[in-house]
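First the structure, in the form of C-alpha cells, and then the observations on it.
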Amino acid sequence: METLQVLLLAFVSIVIVNNLVFTKFLGICPYLGVSGRLDMAFGMGCAVTFVVTLAGTLTWMINNWVLAILHLEVMKYVCFILVIAGAVQLVEMYLRKFFPSLYDSFGIFLPLITTNCAILGLCLFIDLWSIKSLLETVVLSFGAGIGFTMAICIMAGIRENLELADVPVCLRGAPITLITAGLLTLAFMGFAGMIR
C-alpha cells in the first residue's frame, strides 16, 4: 500500500506540482510553437508522452543495468540522446503510416521532439534524483508526458479562445502568447511546496 501511495504522489507531483513546463521551463519551444490548435497540441502531447515514457524507462535501464555496472557513466549523455532519437523515429514512422494528416500538420516540430529539452531533462533528473526503482521511473516518465500534454492543451485552448477575443493590436500574436504563458506559470506555481 505504501508503494502505491508513493507512486501516486510521484505522479501527481510531476504532472501538477513539478510540471517540467511550468516549473523547470523545459519544452517551451513546442509548448509555444504547436499550441495554436487544440487537436495539434493533443497530438504533440501524445507523441511527447510516448517518447518521454520510453526514453525515461530505457535510459534508466541502460544507466543502471549497463553503464553503472561497466563503470561507463561518462557515456550516459550519448546513450540518452540515442535512445531519445530512436523513440522519436518510432513515433515519426507510426504517424506517417497511420495519421498522415497529423504528420503533415506537425511539420518541423515532430523531428524536433528529439531536441525537446523536457525529454532529456527528465532523463537527467531521474539520474540526478537517484531513482532506484524501475516502476517509479516509468511512473515519473509517464507523468512528465501527461504534464506536458496538459500544459500544451491548456495553452492551445486559451490561444483558440484568444482568436475570438478583442486583443489590442500591439499584443496580438507572440506578446499575448508569452503573457498567457507567464500567467499559466504563475497559476501553477501556487501548487509549489505541496509535494516534494
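The values are calculated or read from the model by the stated rules, or taken from the named source; none is laboratory data. Computed from a predicted model, the values in this text were never measured in an experiment. Neighbour counts are summed over all protein chains in view; Cβ atoms, including those assigned to glycine, are modelled from backbone coordinates with ideal geometry.
Under the condition of being at pLDDT below 90 and over 19 Å from the mean Cα position of the chain (by Cα), which residue from the stretch 173-195 is nearest to MET150 (Cα to Cα)? Per the criteria, the residue is GLY190. Of the numbered criteria (1) in contact (Cβ under 8 Å) with a residue 40 or more places away in the chain; (2) more than 27 Å from ALA192 (Cβ to Cβ), the one VAL52 fails is (2).
Taking the stretch 166-185, which residues are exposed (fewer than 12 other Cβ atoms within 10 Å of the Cβ) and closer than 16 Å to SER35 by Cβ?
Within the stretch 166-185, GLY173, ALA174, GLY182, LEU183 meet the criteria.
Taken over the stretch 106-125, residues that are within 16 Å of GLY45 (Cβ to Cβ) and of a type in the set (Val, Ile, Thr) amount to 2.
Do you know which of the residues in the stretch 55-77 that are hydrophobic (A, V, I, L, M, F, W, C) and in contact (Cβ under 8 Å) with a residue 60 or more places away in the chain is farthest from THR180 (Cα to Cα)? This residue is MET61.
Within the stretch 95-112, work out how many residues are within 19 Å of the chain's Cα centre (by Cα) and free of Cβ contacts under 8 Å to residues at least 40 places away in the same chain.
4
Filtering the stretch 1-34 to residues that are under 19 Å from ILE195 (Cβ atoms), out of contact with any Lys or Arg (no Cβ under 9 Å at 6 or more places or on another chain) and assigned to a loop (DSSP other than H, G, I, E, B) leaves MET1, ASN19, LEU20, VAL21, PHE22, THR23, LYS24, LEU26. Can you find even one residue in the stretch 113-133 that is at pLDDT below 90, in a helix (DSSP H, G or I), under 16 Å from the mean Cα position of the chain (by Cα) and not β-branched (Val, Ile, Thr)? So far as the stretch 113-133 goes, yes, one or more of its residues are at pLDDT below 90, in a helix (DSSP H, G or I), under 16 Å from the mean Cα position of the chain (by Cα) and not β-branched (Val, Ile, Thr).
Scanning the stretch 151-165 for residues that are touching a residue at least 60 places away in the same chain (Cβ under 8 Å) and surrounded by 18 or more Cβ atoms within 10 Å (Cβ to Cβ) gives ALA151, ILE152, MET155, ALA156, ARG159.
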